[in-house]
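See below for the structure under consideration.
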Amino acid sequence: MDAKDRKLGELILYIAERSECDLAFGAIKLNKILFYSDFTMYWRRRESITGQEYMKLENGPAPRRLLAVQQRLIEKGRAALKTTSYFGHSQKRMVALAEPDLSVFVAEEIAQVDRILDALSDLNGRQASELSHRFVGWKAAAEKETIPYSTVFISDRELTASEEEYGLKVAERLASAL
């Protein structure tokens, strides 16, 4: 297992352990917690926590190596996949059977994950998924295409009048310089 997969595995265990009492915690919510943790850390320091590649799926972004890493945790007896019923729907929950090795993280990374866990604590998987569908990188990617981390710096909000005016002035200056 390479360093990126190891960090992803330890992060899955940490999130599963912290989400043990969250009845809404399932596969979709796990994906969104991982996504927001990695992408907000990239936004903060230009480096993600796990270094994993994320792809566009119907229910929002997910780490490309998630299933392989989860399977490895299960095979090693460090985690289990439990199927439960959540409001009449089948829910797949990762359950930590071993303590995560937090030595692979710096304090800032775990603090960021904790902020994401807190921010999404009141959401179920569907709500967290809908929230991720607002992300420009997810919108721009095709199904199963990689979502570049750099898309955290792109916004699709409307420009303010002053921003638009400033942009036009810069464009005029550039045009006259050419």
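Roughly how many whole Å is it from the C-alpha centroid of the stretch 1-65 to that of the stretch 130-170? Computed from Cα coordinates, the inter-centre distance equals 21 Å. Put simply, the amide H of ASN124, placed in the peptide plane, has no neighbours under 5 Å, leaving out anything fewer than 5 places away on its chain. For ARG65, the residues whose amide H sits under 5 Å from its own are GLU53, ignoring neighbours fewer than 5 places away on the same chain, with H placed 1.01 Å from N. For the stretch 40-136, GluC sites (Glu not before Pro) are listed when DSSP marks them as loop and at most 10 other Cβ atoms sit within 10 Å of their Cβ; the list is GLU58. For the chain, the 222 nm mean residue ellipticity estimated from helices alone, with every DSSP H stretch of n ≥ 4 adding -39500 (n - 2.57) and the total spread over all residues, rounds to -16000 deg cm²/dmol. If you fit an axis through the alpha-carbon atoms of helix 27-45 and take the longest principal axis of the Cα set of the chain, what angle between them do you get, 0 to 90°, nearest 10? The answer is roughly 50 degrees.
Positive contributions from Lys and Arg (+1) and negative ones from Asp and Glu (-1), summed over other residues with Cβ under 12 Å from the Cβ of GLN112, come out at -3.
For the stretch 91-104, backbone phi angles converted through the Karplus equation (6.51, -1.76, 1.60; θ = phi - 60°) give residue-by-residue couplings of 10, 9, 10, 7, 10, 6, 9, 9, 5, x, 8, 7, 5, 7 Hz, Gly and Pro being listed as x.
Taking K and R as +1 and D and E as -1, what net charge do the other residues with C-beta under 15 Å from the C-beta of LYS82 add up to? Charge balance near LYS82 sits at +1.
Each other residue within a Cβ distance under 13 Å of TYR14 adds +1 if Lys or Arg and -1 if Asp or Glu, for a net charge of -3.
If the chain between SER90 and ASP122 were fully stretched, how many nm would it gain, using 0.36 nm times the residue separation less the Cα-Cα distance?
On the way: separation 32, 0.36 × 32 = 11.52 nm, distance 1.94 nm.
Between SER90 and ASP122, full extension yields an extra 9.6 nm.
Using 0.36 nm per residue and subtracting the Cα-Cα separation, the extra length available between HIS133 and THR160 on full extension is 7.4 nm.
No lab work stands behind these numbers, since they all come straight from the coordinates. None of these values were measured; they are calculated from a predicted model. For neighbour counting, all protein chains shown are included, and Cβ atoms are generated from backbone atoms with ideal geometry for every residue, glycine included.
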